[in-house]
1. Consider residue 84 carefully, then state whether it is crowded, with 16+ Cβ neighbours inside 10 Å and among the β-branched types (Val, Ile, Thr).
2. Pairs, please: C-beta under 8 Å, at least 6 apart or cross-chain, first residue more than 17 Å from residue 140 (Cβ to Cβ) and free of Cβ contacts under 8 Å to residues at least 60 places away in the same chain and in the range 169-183, second β-branched (Val, Ile, Thr) and not in a helix (DSSP H, G or I)?
3. Which one is surrounded by the most Cβ atoms within 10 Å (Cβ to Cβ) among residues in the range 43-54 that are out of contact with any Phe, Trp or Tyr (no Cβ under 7 Å at 6 or more places or on another chain) and hydroxyl-bearing (Ser, Thr, Tyr)?
4. When you look at residue 149, is it under 26 Å from residue 49 (Cα atoms) and among the aliphatic types (A, V, I, L, M), yes or no?
5. Would you confirm whether or not the range 26-42 contains a residue that is within 15 Å of the chain's Cα centre (by Cα), surrounded by fewer than 16 Cβ atoms within 10 Å (Cβ to Cβ) and assigned to a helix (DSSP H, G or I)?
6. Which ones in the range 159-193 are over 17 Å from residue 148 (Cβ atoms) and of a type in the set (S, T, N, Q)?
7. Of everything in the range 52-61 that's in a loop (DSSP other than H, G, I, E, B) and under 16 Å from the mean Cα position of the chain (by Cα), which residue is nearest to residue 16 (Cα to Cα)?
8. Go through the range 105-136 and report how many residues are surrounded by 19 or more Cβ atoms within 10 Å (Cβ to Cβ) and assigned to a loop (DSSP other than H, G, I, E, B).
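Readers should treat all values here as calculations from the given coordinates under stated rules, not as data from a laboratory. Predicted model only: the values in this text are computed from it and were never measured. Using ideal geometry, Cβ is built from the backbone for each residue, glycine included, and neighbour counts are taken over all protein chains shown.
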Amino acid sequence: MVFPADGHIAVFTKPPVPGLVKTRLVAALGAHGAAAMHEHLLVRTLRTVTGTGASASLWIAGDTADAALRACTDEFALPVHRQTGDDLGQRMAAALRASLGTYRRVLLIGSDCPVLTTAHLHEAADRLDHDTPAVFIPAEDGGYVLVGVFATPDEHLATLLHAAFHDIPWSTAHVMRITRERLAAARVHWAELPPLWDIDRPEDLTRLRDTLR
């Protein structure tokens, strides 16, 4: 399976700093354990991404030169960018717009989903075209694991990015539902793959252990 030559994968993440990542797991794992889990998931995600053979990049919320971050990402030799914007929506829209200056299909993912595979990434990229300029993999908790955008004309792209990323209640169970409503109201067509789950809460750790057995 060959990833589209005009495709790109942007990975959003943070440096694995104890107390600043996976904070909802601190009660179960401790601050250092939660940071180690974040690092483990990030490395797994990057292996999945590079396994597609696609062009890819890292987008960091925080210090792009953080020693712990570089220690776990340097082996992948990906371009590193700093996220810009006042909230998650602005940061995602900025990264997508920047990447779409070079590539026609851009997927944006986080590093929290332990069941995201190269097959998911290939399928998501293949679903993007002029008639379907957006694709999502919903998360079971109400957010999404992946968003992808196709390079449409500027006015259409602006409509899509505003509908998908402006004034969304991030980090709530309503993200995907509201995103669907906004896209439908803007008459933007999108595709969805089956939902996946990610690691955010202590109960997710049990599911992760069961998956690894």
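1. no
2. 182/168
3. Here the answer is 48.
4. Yes.
5. no
6. 171, 172
7. Only one residue fits best here, namely 61.
8. Number of matching residues: 8.
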